[in-house]
Amino acid sequence: MARRKRRRESPPPFEARIEGLSHEGRGIAHHNGKIVFVFGALPGERVLIQINQSNKKYAEASVLEVLEASPLRIEPRCAHFGVCGGCSLQHLSNDDQIAIKQQAVLEMLQHADIDIGEVMPPLRGDHWGYRRKARLGVKYVIKKERLLIGFRERNKPYLADMQSCPVLIERVGQHLQDLMELVGSLETYDKIAQIEVAADDQHCQLVFRHLVPLPDADIAALTDFAKDTGFWLQLQPGAADTVHNLYPQEQVLRFKPLADEDIAIRFKATDFTQVNASINQQMVKQALDFLELESEDRVLDLFCGLGNFTLPMARRVQQVTGVEGDEAMVQRARENALEHGIENTEYFAADLSKIDGREGWMKQSYDKILLDPPRSGALEIVQKIKPLKASIIVYVSCQPSSLVRDARELIAAGYRMTHFGLMDMFPQTAHVESMAVFRRGRK
């Protein structure tokens, strides 16, 4: 007879003193010689914690009870905080969130022996109701006999039972119950997998991912909902290329990279765009200022997407070359440029993690470079950047560890960091977005 696998029991809860905060916003403690990252704990606090996961190097834990609270601790605004995985820092004021994030990244840079230069004031905006893009899960839970719509629980595959979300734009975040009632009224209520949310200044688009063809009655119900509420509705029966308009027939979303200019970039709900419109506009303006663009400049925009930086730069320089890994986004970047009468841009689709230097655009020289990589960073391209001879590089980062790694490569290639600053793109979360400026030459 085969032996049953003995179920590993969770260790009993224990008290811990929180010594610091990680760059991901988790408290740091030690237990039995191992570092413990504690969700929901702040420096200086004495807490009762429960280990959730553990490996040879570190453990992860949650707070069961705060025994001695930090003076920085505040009451979270959202009733679902701690269960929903969308936010992790609502127990800190926005000022303290920014200060702690900035200090953590500065310490990482200093630990890597990087001379930071000038630390810029953080870019800031509204820290509630800012999120214009999101993917909401949809699930009918048999045990609860009700439908749930929202984000997943923290570190769990289940959907959080939430009635509202204060970080989503109010039009969606305060009306999750309306969406639950809508989906719950459909014949295919248990075959709707997710709702993609995308909004611009005027409109909000909802993309319903459905796993079976929708009957006429469901199509009519969704159409009536769109007519009554003003939401734009799309349907997605399969992969991203199956998305199509339900109501109204014409739907075009646009975002403005700069608040005071007329460039308005068309985008789809399934495209990558920044979720925080105000911070994005501040970010683009700051990047353009630090690039010190001149009319004769040739600029390289790496990870260019739809042209968030490319199009505003093109209005100021001789030529901009944009490179992006997604062929469909490259094509839409071209279309956006032509729509705005911008003819001094060229675009290439290329996997920037597999560049060998023989590409035509890599054989040119550039006066300035803009880098806006994903969380994995831009190691492969920064290792080959020296022959391009750019005098200034602006690096937009969404992951501190990859920024630190890539900054060391740029410094080894003869650049120095002159400015660094945080951008509060995702308030209430541990996500850190930042900008670093590099100049060629040691001084």
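Of PHE37, PRO13, ASN55, whose Cα points farthest to the positive end of the dipole of the range 8-73 (charges on the beta-carbon: +1 Lys, Arg; -1 Asp, Glu; origin at the Cα centre)?
Most positive-ward Cα: ASN55.
For the range 210-335, would you read off the P(r) tail past 24 Å as a percentage of all alpha carbon pairs?
41 percent
Can you work out the Karplus-derived ³J(HN,Hα) for every residue in the range 372-384? Use 6.51 cos²θ - 1.76 cosθ + 1.60 with θ = phi - 60°, whole Hz, and x for glycine or proline.
These are the phi-based 3J(HN,Hα) values: 9, x, x, 4, 5, x, 9, 3, 5, 7, 5, 5, 10 Hz.
Would you mind telling me the antiparallel percentage of the DSSP bridges in the chain, rounded to 5?
65 percent
Between LYS57 and LEU338, take the C-beta separation as r, use R0 = 51 Å, and let me know the FRET efficiency to the nearest 0.05.
That gives a FRET efficiency of 0.50.
Please state the equivalent ellipsoid semi-axes for the chain: what are the square roots of 5 times the Cα gyration tensor eigenvalues, largest first, in whole Å?
With the √(5λ) rule applied to the chain, the semi-axes are 37, 33, 20 Å.
Quick query: amide H of TYR247 versus all other amide H atoms, modeled in the peptide plane; which residues come in under 5 Å with a sequence gap of 5 or more or a different chain?
Close amide H contacts, sequence-distant or interchain: LEU233.
Note down the net charge around LEU302, summing +1 for each Lys or Arg and -1 for each Asp or Glu among other residues with Cβ under 9 Å from its Cβ.
Net local charge, LEU302 excluded: -3.
In debye to the nearest 20, how big a dipole does the chain give about its Cα centre with +1 on each Lys and Arg Cβ and -1 on each Asp and Glu Cβ?
In total the dipole reaches around 2020 debye.
Which one, ALA239, PHE309, LEU291, projects farthest toward the positive side of the charge dipole computed for the range 236-309 from Cβ point charges (K/R +1, D/E -1)?
With unit charges placed on the Cβ atoms, the residue in question is ALA239.
Taking only C-alpha pairs under 8 Å that are 6+ residues apart, what is the relative contact order of the range 369-443 in percent?
Relative contact order, the range 369-443: 34 percent.
Kindly write out, for the range 395-407 in residue order, the coupling ³J(HN,Hα) from the Karplus curve 6.51 cos²θ - 1.76 cosθ + 1.60 (θ = phi - 60°), rounded to whole Hz, with x marking Gly and Pro.
For the range 395-407, the Karplus-derived couplings read 10, 9, 10, 10, 8, x, 5, 6, 4, 4, 4, 5, 4 Hz, x marking Gly and Pro.
Tell me the Kirkwood radius of the range 326-395: reciprocal of the mean inverse pair distance over distinct alpha-carbon atoms, in Å.
Radius from the Kirkwood sum: 13.5 Å.
Rounded to two decimals, what ratio of Rg to Rh does the range 110-198 give with C-alpha atoms and a Kirkwood Rh?
1.21
What relative contact order, as a whole-number percentage, does the chain give when Cα pairs under 8 Å and 6 or more residues apart are counted?
Answer for the chain is 12 percent.
If we count every other residue with Cβ under 15 angstrom of SER397's Cβ, Lys/Arg +1 and Asp/Glu -1, where does the sum land?
Charge balance in the 15 Å sphere: -2.
Using 10 Å bins from zero, what percent of all Cα-Cα pairs in the range 144-299 falls into each bin?
9, 33, 32, 15, 8, 3, 0
For the range 8-73, what is the Kirkwood hydrodynamic radius in Å, using each pair of distinct C-alpha atoms?
11.6 Å
Could you please report the charge total around LEU214, scoring K, R as +1 and D, E as -1 over all other residues with beta-carbon less than 10 angstrom from its beta-carbon?
Counting the neighbours of LEU214, the net charge comes to -2.
Quick one, what does Rg over Rh come out to for the range 24-167 if you take C-alpha atoms and the Kirkwood Rh?
On the Cα set of the range 24-167, Rg over Rh gives 1.01.
Can you tell me what the convex hull of the Cα atoms of the range 37-111 projects to on average, as an area in nm²?
Taking the Cα atoms of the range 37-111, their convex hull projects to 6.1 nm² on average.
Evaluate the relative contact order of the range 8-73 (contact order divided by residue number), counting alpha-carbon pairs under 8 angstrom at least 6 apart; express in whole percent.
Over the range 8-73, the number comes to 30 percent.
Read the figures in this text as sums done on the coordinates, not as results from a lab. As the structure is a computational prediction, the values presented were derived from the model and not from experiment. As a convention, Cβ positions derive from the backbone with ideal geometry for all residues, glycine included, and neighbour counts pool all protein chains shown.
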